[in-house]
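The values are calculated or read from the model by the stated rules, or taken from the named source; none is laboratory data. Predicted, not measured: the structure shown is a model, and the values here were computed from it. Glycine gets a Cβ as well: all are built from the backbone with ideal geometry, and neighbour counts include every protein chain shown.
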């Protein structure tokens, strides 16, 4: 039997795999992450976070980690973008 892989975007904790698991032909449905955010998205977040800081509104970014480490890379990239814009970054 030949199989193919399909990747669908849902939201965190939407349990979309349950909807796919019952479809005819689906062998296995697993939750997970497909990778990191593209650079334009992170630049947009950096811009937005800087705007919030200038307006005096505390803001936070949270990256939910995944087995491939994309969250760590995304957090580092966002931190670098913020530092380039002169915004102090606190990490935990």
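Scan the stretch 80-92 for residues that are farther than 17 Å from residue 40 by Cβ and either surrounded by 10 or more Cβ atoms within 10 Å (Cβ to Cβ) or in contact with a helix residue (DSSP H, G or I) (Cβ under 9 Å, 6 or more places away or on another chain) (or both) and jot them down.
Once the filter is applied, which keeps residues that are farther than 17 Å from residue 40 by Cβ and either surrounded by 10 or more Cβ atoms within 10 Å (Cβ to Cβ) or in contact with a helix residue (DSSP H, G or I) (Cβ under 9 Å, 6 or more places away or on another chain) (or both), the stretch 80-92 yields 83, 86, 87, 88, 89, 91.
Scan the stretch 46-72 for residues that are surrounded by 15 or more Cβ atoms within 10 Å (Cβ to Cβ) and under 12 Å from the mean Cα position of the chain (by Cα) and report the count.
The number of residues fulfilling the criteria is 5.
Which residue pairs have Cβ atoms under 6 Å apart, sit 6 or more places apart or on different chains, and have a first residue in the stretch 32-43 that is closer than 26 Å to residue 17 by Cα and a second that is surrounded by 12 or more Cβ atoms within 10 Å (Cβ to Cβ) and at pLDDT below 75?
33/66
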